[in-house]
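Structure first, commentary second.
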Amino acid sequence: MKSSYEINEGTLAIISMMDGHSKVLEDHGDYVIQQKSFDILDHSCKYFGSSYEGRKEGAKAIIGANYKLPIIVEDERNMVFFPTTSPEDKECIWIAVNKIRDYYEHEYNTTKIVFENGIEILLSLSFRAVQNQIFRATRLSYLLKSRKNK
């Protein structure tokens, strides 16, 4: 078990666990980390030269939303993650939007996400809620890229 983790290009999702640990899904495996998902995200933002709060304020200014904001962990490599619940919630899962191949309604109020490498996760969220979060994260990524290319 690792005690700290930096999000990287292979990170698919960070899943909160009940005991203050997180399960990190990567392209080629998964790990249990002795940190809450929010702490991993904040640490990773700092690792790449900002902070969660700074990235949150930036996302708020770019897309004009106020809650459950997607976060640009690292912009050069387009590492944008969105939360499934309030970021401070002990059940929050952070998902890399650019790693999603497909998503669809599984059963009532559950949505299955399929990542590029075929790994699947089932979320206790409606399809519409997931679709909205994916839209916000994609919009944030697009707007940031378009500003850089001006």
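The values are calculated or read from the model by the stated rules, or taken from the named source; none is laboratory data. Quick caveat, the model's predicted, so the values are computed rather than measured. All Cβ positions, glycine included, derive from the backbone under ideal geometry; neighbour counts span all protein chains shown.
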inquiry  = Could you list, ordered by first residue, the pairs with Cβ atoms under 6 Å in which the first is in region 35-64 and more than 19 Å from Asp89 (Cα to Cα) and the second is among the charged types (D, E, K, R) and not in a helix (DSSP H, G or I), at least 6 apart or interchain?
reply    = Tyr47/Glu6; Phe48/Glu74
ask   = Just for region 16-41: of the residues that are among the charged types (D, E, K, R) and within 15 Å of the chain's Cα centre (by Cα), which one is farthest from Glu53 (Cα to Cα)?
value = Asp27
Verdict on Asp89 being at pLDDT below 95, part of a helix (DSSP H, G or I) and touching a helix residue (DSSP H, G or I) at 6+ places or on another chain (Cβ under 9 Å) = no
message = Considering only region 103-111, I want to know if a residue exists there that is touching a strand residue (DSSP E or B) at 6+ places or on another chain (Cβ under 8 Å) and not in a strand (DSSP E or B).
response = no
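Given the criteria among the small types (Gly, Ala, Ser), under 18 Å from Leu140 (Cβ atoms) and surrounded by 14 or more Cβ atoms within 10 Å (Cβ to Cβ), does Ser50 qualify?
Taking the combined requirement at face value, the residue satisfies it.
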ask   = Assuming Ala13 fulfils every condition listed in (1) assigned to a loop (DSSP other than H, G, I, E, B); (2) at pLDDT 95 or above apart from one, which condition is it?
value = (1)
Residue, surrounded by the most Cβ atoms within 10 Å (Cβ to Cβ), within region 65-84, restricted to residues that are touching a residue at least 60 places away in the same chain (Cβ under 8 Å) and hydrophobic (A, V, I, L, M, F, W, C) = Phe81
